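Have a look at the structure below before the remarks.
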Amino acid sequence: WFPLIEEAVRHGYVVIFPEYRGSSGHGESIYQNNYGVSDFADVRSSAAYLAAQPFVDPDRMGIFGHSRGGMLSMRTLQEEPKRFKAAVDVAGLKDMVAFMSYKTDARRQQIADDPHYGGKLPNRNLAAYIEVSPAFFVEKIETPVLVLSTTGDTVVPYQLHNKRFVEALKAYGKTHEAVLYDNAIGDHSFIFSDNPDAHDARRRIFEWFGKYLKP
């Protein structure tokens, strides 16, 4: 089910894969959502738990996220800048204000109904959406970041999210690398496909982690 985890273990890593709140298939208490808040708390708690294990070197931890996981990973770097020594973001959501601008009305209202947003769309509660958006807090990042994206992403469009994020990383002089694939097969989920772009992306991921974490 999770070939990236298998591959990480083969490379010598200890891996934790948090099923943060907002995930389906695990009962009502896990499905209850508070987008960008409860899921974020679960990721941070998972990292703290992992760091405390006797078989983990807390000074050589990395974090990886795709899509919503990319958003949570980058927020974790911003709120805990010393926790991780390397990070990878793949097609991560970076701006909740932008995200809400192109989703269907039903999806927009579903998110707005989460407790953090108080039933209000961005035009009535802008600060709540900015607060959970990594695009607005890039200056806080200290961890080297690899950013992988594709043109043609219809779920988290590159121009609205990672393009701006990479430009901000450059502007603030952050250690990073960015790779943009041209209409990669698989669209938003290209990293999980079986094709040259996906193979190249996964190779880059483990080279990046290997460079900073030295498994």
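The values are calculated or read from the model by the stated rules, or taken from the named source; none is laboratory data. Here the structure is a predicted model, which is why all the values come from computation and not from measurement. In this analysis, Cβ positions are derived from the backbone assuming ideal geometry, glycine residues included, and neighbour counts consider all displayed protein chains. For the accessible areas, the whole protein counts, side chains as well, though only heavy atoms, and no ligand, DNA or RNA atoms are used. Shrake-Rupley method; radii C 1.70, N 1.55, O 1.52, S 1.80 Å.
Here are some notes:
- For region 187-200, the candidate set comprises residues that are over 18 Å from the mean Cα position of the chain (by Cα) and modelled with pLDDT of 95 or more; within that set, the residue that is nearest to residue 145 (Cα to Cα) is 200.
- Filtered by the rule that a residue be under 18 Å from residue 38 (Cα atoms) and either surrounded by 18 or more Cβ atoms within 10 Å (Cβ to Cβ) or among the charged types (D, E, K, R) (or both), region 121-138 gives 128, 129, 131, 132, 133, 134.
- Checked against the criterion of being without any contact (Cβ under 8 Å) to a residue 40 or more places away in the chain and on the phi > 0 side of the Ramachandran plot, the candidates 194, 187 yield just one match: 187.
- Test for residue 60: is it part of a loop (DSSP other than H, G, I, E, B), of a type in the set (D, E, K, R) and touching a residue at least 24 places away in the same chain (Cβ under 8 Å): yes
- Selection within region 183-203 - in contact with a strand residue (DSSP E or B) (Cβ under 9 Å, 6 or more places away or on another chain), in a helix (DSSP H, G or I) and open to solvent by 20 Å² or more (accessible area, probe 1.4 Å): 187, 189, 192, 197, 200
- In region 164-182, of all residues being among the hydroxyl-bearing types (Ser, Thr, Tyr) and either assigned to a loop (DSSP other than H, G, I, E, B) or touching a residue at least 60 places away in the same chain (Cβ under 8 Å) (or both), the one that is least open to solvent (accessible area, probe 1.4 Å) corresponds to 175.
- Pick from region 146-157, criterion buried (at least 19 other Cβ atoms within 10 Å of the Cβ) and of a type outside the set (Val, Ile, Thr), ranking: farthest from residue 107 (Cα to Cα): 146
- When residues of region 81-115 are limited to those that are under 26 Å from residue 201 (Cα atoms) and acidic (Asp, Glu), the one surrounded by the most Cβ atoms within 10 Å (Cβ to Cβ): 89
- For region 8-48, a residue qualifies if it is assigned to a helix (DSSP H, G or I), open to solvent by 70 Å² or more (accessible area, probe 1.4 Å) and over 25 Å from residue 86 (Cβ atoms), and the qualifying residues are 28, 29, 31.
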